[in-house]
1. With Rg and the Kirkwood Rh both taken from Cα atoms, where does Rg over Rh land for the chain?
2. Have a look at the DSSP beta bridges in the chain and tell me what percent are antiparallel, nearest 5.
3. About its Cα centre, how strong a charge dipole does the chain have in debye, to the nearest 20, once Lys and Arg get +1 and Asp and Glu get -1 at the Cβ?
4. Sort V20, V149 so that the residue with the fewest other Cβ atoms within 10 Å of its own Cβ comes first and the one with the most comes last.
5. Placing unit charges on C-beta atoms (Lys and Arg positive, Asp and Glu negative, everything else neutral), compute the dipole magnitude of the stretch 180-244 about its Cα centre in debye, rounded to 20.
6. With the calculation restricted to Cα positions, what are the radius of gyration and Dmax of the stretch 53-152 in angstrom?
7. Could you sort the peptides 229-236, 59-66 by per-residue average Cβ neighbour count (10 Å cutoff), highest mean leading?
8. Hey, what did the stretch 65-193 get for relative contact order, percent, Cα under 8 Å, at least 6 apart?
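Only the coordinates and a few stated rules stand behind these numbers; no lab work does. Keep in mind that this is a model prediction, so the values were computed, not measured. Here the Cβ positions follow ideal geometry from the backbone for every residue, glycine too, while neighbour counts run over all protein chains shown.
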Amino acid sequence: MPEAKLSLRSVHKSFGGNHVLRGIDMDVATGEMICLIGASGSGKSTLLRCINQLEPIDDGSVWLDGQDISEPGLDLGPVRRRIGIVFQSYNLFPHMSALENVVLAPRRVLQEDGDALNARAEALFDRFGLAQHMRKYPDQLSGGQQQRVAVIRALAMRPEIMLFDEITAALDPELVGEVLNVLRQLRAEGMTMLLATHEMGFARELADRVCFMDGGVIVEEGPPGQIFSDPKVARTQAFLRTVL
Ligand code: ADP
Ligand code: MG
């Protein structure tokens, strides 16, 4: 049984005849931040979705605190509460305030009480510098603010691991920084995180480890200083030439 917080063992995933993940092995320690980089179509999103079991895997296993969470028939509700995910499209409910968006799932799923939950949610808005916006509706917020609310909404479920799938990719360039700052803060607070990202500068600054994916495998991984300055594998070198 793996001892890491999160472990993947020989994970395979196909969509029809398209073999998208071709044997992924990974160990993530508590508090570690891992950046997944790679060209579009290399399997980054699929990997994240297979981690929190939004997609069933075809072969291999995914372990969370020593428990096989990819076992068929397992109740996935608890797993998805423990592993939060934020996507490129933030999908807040437009008819609810930011605060109402954030308390919705904890109220329904964690069955938390109104006042205590509101206080906890307000503290989250405060912690991420959005207290003055929590009564606003999504259309009154910038894209960057909406994405920060989406992160807060995921954090409100008290996840142990956070997955982020290109969460700045849809934002205007001037709004990217405020969302990356939220990730910086989470990193500093010790959250265990996996990020698929095109923000190479950010990966370089904050990742403990960078994994370069190509064709559904992790071709090369290492500390950002090594991956970005001294990639060993030709495919990594070629990819980095196109993005750096
Ligand atoms: P990335 O996030 O690195 O761009 P993806 O994981 O989104 O890569 O996609 C990898 C491959 O899997 C692509 O060929 C894509 O078309 C395919 N794919 C992803 N999700 C699905 C799906 N739900 N159904 C069918 N094919 C999918
Ligand atoms: Mg993707």
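1. For the chain, the value is 0.97.
2. Bridges in the chain that DSSP calls antiparallel: roughly 55 percent.
3. Charge dipole of the chain: 260 debye, to the nearest 20.
4. Taking fewest neighbouring Cβ atoms as first place, the list is V20, V149.
5. So the magnitude is around 100 debye.
6. When restricted to the Cα atoms of the stretch 53-152, Rg and Dmax are 16.0, 47 Å.
7. Numbers: 229-236: 14.1, 59-66: 17.2.
Ranking, from highest mean packing down: 59-66, 229-236.
8. Worked out over the stretch 65-193, it gives 36 percent.
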